[in-house]
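None of the figures in this text is laboratory data; all of them are computed from the coordinates on show. A quick note: this is a predicted structure, and the numbers were derived from the prediction, not measured. Here the Cβ is made from the backbone with ideal geometry for all residues, glycine too, and neighbour counts use every protein chain on show.
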Amino acid sequence: MSLGKRGTRKEVHTNYDKSTKVSTKQEEWLEQNRHALGLAFEWITALLKQQFEGGQEQEQNIEALLEKQKAHINAMVLPPAYEVMAHVFKLSDFEKSLILLAAAAEIDPVVQQVLYQAGQKKITFSLAFQLFDGAHWNAIGPQSALRYWRILSLDKDDFISQAALRLDERIIHAFLGIAAPDERLMPYIYSYGGDITLSKSQHDNLGTVPAAAAHVNFHGPNQKDKPALAKALAQKRYDRLYCMNLSSLPRSVGDRHMLAIIWQREVLLSQASLYIDAHEGEHGEILHDLRAFLGHVKGRVYIGSHEPLPDFIPTFRLAVSKPLRAEQKGLWLEALSHKADGVANDLSCLIDNFDFGAGDIGEVSEIYKVCKDESLHAICKKQSRPSLDTLAQRIEVRANWDDLILPETKKRVLMDVERHVKQRNTVLNEWGFDKISTRGLGISTLLTGPSGTGKTLAAEILANALDLDLYKVDLSSTVSKYIGETEKNLRRVFDAAENGGVLLLFDEADALFGKRTDVQDSHDRHANIEVSYLLQRMEQYSGLVILTTNFKSAMDKAFMRRINYCVQFSFPDFEQRKAVWANVFPDGAKTKGLAFEKLASLNVTPGHIRNMALYASFVAADEGVPVQMKHLLYAAQAEYMKLEKTLSPKEVQGWV
């Protein structure tokens, strides 16, 4: 620091490296910092009085204050805030003295009184030039540290030397040891308030991040654990973590550049680091904006995304996995605390069905602690729904095995699917089959046959038996003519379903899995890539995938080899149709004189039978009478008209 022209100000030497760590004696430092700032303001006061009043006594007072201040700083646990600030912003002695003057004018009432009595209504460069040695015009130049970092602002309505100099509010707070971020950052950043317990495997994964990595990309479907991983790294590096959504990044070049400067200043002031949530903006022009923003930010930035960021954004990429199944039980028990004893026996089944990250486990546990009416399993299902509800159709399931009319051999295969899902964790994890190979561990089932023969009903029954949510994905609408879009659509579905508790039903699988043609052009090649991608995700998916098609003959044989189960739903024979008619009306339905053998003579699928039963029930209810054969005849005529078929008299002979 430099003294005024009437004395010699000696440099205060301190160990700046220690100032970058968070002190365990924060309160002690705050008190020492206030005292150091008070001594600095006394020095400013003495200089001002010497300038305005003159006198030999001020000269001696200045020298005494210098020695007193030096002794205090050397005794501090960490340097005062203004010394640290001068170091990190690389300020000259004159620039450091200038901001002390500006701070004193803003904070210290004694300095304010001296200025007022001298008729000095503002702090100017001219006044600083008279007070301090080493004055230079570069201190207030457009590219100076004081101007670039927005430490000082200059009122340009006057001559430059007479222009009012104002210290930025954030800098004033920093002088006082207050770590509140700049208010201009508030529309963009927020504090991370999560308290997530990460697993050992996740901590071990963090250990692979190089200490020198400034920008780290956490990628993968485990979205909620990524800010917790960023926080763990920030704490390891003594950083204060803030978060920002990529969508809030300014699109204007000027606004984005200003945000980068203000944020970088915050990094220097309070050793902050930033987590950017890029899950909703991983593609398009905004990634170029992100690259431009990162180019101006030298501090540590962590970016969370589904897919690894493209190569033009230089980052260290880290795939974020969920806790191992064996670790999840411990996380559940810890998170549930006092209610853990009541659910300990159910956790194995829960972990079989749900592959939750540490963040989801924490959220579900907090809900369960205060919830009296819902089971832990039901809460887990609800926790998994929001991300899938926008991508697929959730079907409410009520059907059970008694509702499915199929030959016993085919029904047994579907029951084997249920057993496979229930025992998956035992066979793969406990018995060790997952250690032999990670390929082919998914559970995939193909249901083929004409429309209305019960394929979707079978999926509903399996979902109900396994207590899973059933989500229907229409592959005909998922497949895109644009190269790369189909994989992107499929990735979103599987990533959203990774938490578990979900049965994925891909309808009209022949739209994608039809026989692959010889590669004639780039579109044929990419169609094969789309098939390979879905097969890969099906094999990796920890839940149950069911695909349906009306045309098994159209399916590629290579695809069929990679399916675990296949059930052909044939057109029902007379006895099967009779059984469907006998079971189609619920117990509460009022019926009278229904002849199931005559109804079974109608050559239709179970889906059409259900349509006719429901149609007839509405007609009968409107008449206030039970469902009779005449109502079913009326319903059959309507159903055939919809199918553009003619109902022959022979088919309905003897109905009424």
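Values as computed for the structure displayed
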quantity: Label-point separation, E57 to V370 (7 Å along Cα→Cβ), nm; calculated: 6.5 nm
quantity: Estimated inter-spin distance, K236 and A212, nm [label 7 Å along Cα→Cβ]; calculated: 1.7 nm
quantity: Separation of the L614 and F574 label points, Cα + 7 Å toward Cβ, nm; calculated: 2.9 nm
quantity: Value of [θ]222 nm, deg cm²/dmol, for the chain, DSSP H segments ≥ 4, -39500 (n - 2.57) each, nearest 500; calculated: -14500 deg cm²/dmol
quantity: FRET efficiency for A179 and I379, using Cβ-Cβ distance with R0 set to 30 Å, rounded to 0.05; calculated: 0.20
quantity: Loop-located chymotrypsin sites (Phe, Trp or Tyr not before Pro) in region 212-294 whose Cβ has at most 15 other Cβ within 10 Å (DSSP); calculated: Y238
quantity: Non-local Lys pairs in region 349-450, i.e. 8 or more apart or on different chains, that have alpha carbons under 22 Å apart; calculated: 9
quantity: For region 16-175, Kirkwood radius (reciprocal of mean inverse C-alpha pair distance, Å); calculated: 16.4 Å
quantity: Relative exposure of I361, I313, judged by other C-beta atoms within 10 Å (fewest first); calculated: I313, I361
quantity: FRET efficiency, 1/(1 + (r/R0)^6) with R0 25 Å, evaluated for D587 and V625 via beta carbons; calculated: 0.85
quantity: For H288, H87, order by how many other beta-carbon atoms lie within 10 Å, fewest first; calculated: H288, H87
quantity: Loop-located trypsin sites (Lys or Arg not before Pro) in region 70-137 whose Cβ has at most 10 other Cβ within 10 Å (DSSP); calculated: K90, K121
quantity: Förster radius 45 Å - calculated FRET efficiency between Q393 and I172 (Cβ-Cβ, nearest 0.05); calculated: 0.20
quantity: Rg ratio (alpha-carbon, reference 2.2 N^0.38 Å) - region 574-642; calculated: 1.00
quantity: Footprinting exposure proxy for W431, W29, W332 (fewest neighbouring C-beta atoms within 10 Å first); calculated: W431, W29, W332
quantity: Dipole of the chain, positive end: most advanced residue of V567, L229, S444 [Cβ charges, Cα centre]; calculated: V567
quantity: Aspartates and glutamates with Cα under 12 Å of K224, excluding same-chain neighbours fewer than 8 positions away; calculated: D195, D277, D360, E363
